[in-house]
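The values are calculated or read from the model by the stated rules, or taken from the named source; none is laboratory data. Since we're looking at a predicted model, the values are computed, not measured. Reconstructed Cβ throughout: ideal geometry from the backbone, glycine too, with neighbour counts over all protein chains shown. In case anyone asks, the SASA skips ligands and DNA or RNA and just uses the protein heavy atoms, side chains included. Shrake-Rupley method; radii C 1.70, N 1.55, O 1.52, S 1.80 Å.
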Amino acid sequence: MKIVVLDGYTENPGDLSWGELEKLGEVTVYDRTSYEEAPIIAERIGDAEIVITNKTPIGRETIDKCPNLKLIAFLATGYNVADYRYAREKGILVVNVPTYGTQIVGQYAVGLLLEICSHYGHHDRTVKEGKWEESPDWCYWDYPMIELYGKTAGIIGLGRIGQATARILRAMDMRILACDAQESESGRELAQYVELDRLLAESDVIFLHCPLFPSTEGMINKEAIAKMKDGVILINNSRGQLVVEQDLADALNSGKVYAAGLDVVSTEPIRGDNPLLRAKNCLITPHISWAAQASRQRIMEITVENVKAFLEGRPVNVVN
């Protein structure tokens, strides 16, 4: 059984092992292939039966060029870069890793918020540059300090990650609203479910934890922003395409949105013309919510189990 890993570097830059996967077949690992549709993708898959990818796309043309392909396994939860519907038509299963990063992504979302509220990194730099030593006062702050106690957080998407975020926010004594098409008892224990318009109108902080679907693409746009409180904070470490980036940049520059903490953008790696790069109070990190070694190890283990289950005729985590 031939197994090809198309873009393994971000999953395993050298601190993990492909050894368990190599026990299941003849494995070829490429650090990087392409983040856009390109002939090299099919060339590297060749006659392999199993392809493992993270962000390298596998579209209709690639699928047609790889007739031996039987399984597309994602080193991630998101699988939208594959034409999974066409894969199903061709009898190719698509599997993902649904639960590896629940806690770390929730932790990271709150971390983005805390950095916005207190600007730890900035003040650390100014101290080391001598500003405190030279200060006439015993303390100083260059940005408003924001207390979260008693404020309202709105979570759009109260699935596993949304609930992990909610548990942290509850420990900070925040009021939590949530909007989700699928309500659950575990969600009701953490938040009050409301309609989206109410969440937008009442939240001091809004977290995006929903998947990218046609119905959610561009959901944070100028119309939605107009319904928000003045001075709202937006946190997104879900999918960049949930946000119309020019609309958010305009709102940041006008002050309608006080700040945004983003770990994702619409095109990754980010392009130099992205309007958020020049927007006021916009914190951007390079899609690393998931990247703690412990969570990447879980990805590796679950991916191996996905492949093993497929080979044994009992596929799991199938998304198509």
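Residues of the range 1-17 that are of a type in the set (D, E, K, R), in contact with a strand residue (DSSP E or B) (Cβ under 9 Å, 6 or more places away or on another chain) and not in a strand (DSSP E or B): ASP7, GLU11.
Against the condition open to solvent by 10 Å² or more (accessible area, probe 1.4 Å) and either at pLDDT below 95 or under 28 Å from LEU252 (Cα atoms) (or both), how does VAL127 come out, does it pass?
On the way: open to solvent by 10 Å² or more (accessible area, probe 1.4 Å): yes; either at pLDDT below 95 or under 28 Å from LEU252 (Cα atoms) (or both): yes.
When the stated conditions are applied, VAL127 passes them.
Picking from residues in the range 266-293 that are open to solvent by less than 60 Å² (accessible area, probe 1.4 Å) and aliphatic (A, V, I, L, M), the one that is nearest to ASN80 (Cα to Cα) is ALA291. Cβ separations smaller than 9 Å between residues 6+ apart or across chains give the following pairs from the range 304-320 residues that are under 16 Å from TYR84 (Cα atoms) to residues that are among the aromatic types (Phe, Trp, Tyr) and part of a loop (DSSP other than H, G, I, E, B): VAL319/TYR79; ASN320/TYR79. Restricting to the range 158-175, and then to whatever is under 19 Å from the mean Cα position of the chain (by Cα) and not in a helix (DSSP H, G or I), can you tell me which residue is nearest to LEU196 (Cα to Cα)? Ranking the candidates gives LEU158 first.
What about GLU189, is it under 20 Å from ARG170 (Cα atoms) and touching a Phe, Trp or Tyr at 6+ places or on another chain (Cβ under 6 Å)? Step through it out loud before you land on a result.
Working: under 20 Å from ARG170 (Cα atoms): yes; touching a Phe, Trp or Tyr at 6+ places or on another chain (Cβ under 6 Å): no.
No: the conditions fail for GLU189.
A single member of SER184, SER215, SER135 is in contact (Cβ under 8 Å) with a residue 24 or more places away in the chain and not hydrophobic (A, V, I, L, M, F, W, C), and it is SER184. Selection of the range 112-134 for residues being in a loop (DSSP other than H, G, I, E, B) and either touching a strand residue (DSSP E or B) at 6+ places or on another chain (Cβ under 6 Å) or on the phi > 0 side of the Ramachandran plot (or both) yields HIS119, GLY130.
Here SER186 fulfils each of the conditions (1) under 28 Å from ALA292 (Cα atoms); (2) surrounded by 16 or more Cβ atoms within 10 Å (Cβ to Cβ) apart from (2).
Take THR62 and tell me if it is within 18 Å of LEU21 (Cβ to Cβ), at pLDDT 95 or above and out of contact with any strand residue (DSSP E or B) (no Cβ under 8 Å at 6 or more places or on another chain). Quick ask: steps written out before the conclusion?
Values: within 18 Å of LEU21 (Cβ to Cβ): no; at pLDDT 95 or above: yes; out of contact with any strand residue (DSSP E or B) (no Cβ under 8 Å at 6 or more places or on another chain): yes.
Spelling it out, it is not the case that THR62 is within 18 Å of LEU21 (Cβ to Cβ), at pLDDT 95 or above and out of contact with any strand residue (DSSP E or B) (no Cβ under 8 Å at 6 or more places or on another chain).
Of all the residues in the range 233-250, those that are crowded, with 24+ Cβ neighbours inside 10 Å and small (Gly, Ala, Ser) number 1. Checking every residue in the range 138-157 against the condition of being within 30 Å of PRO13 (Cα to Cα), without any contact (Cβ under 8 Å) to a residue 60 or more places away in the chain and not in a loop (DSSP other than H, G, I, E, B) gives zero matches.
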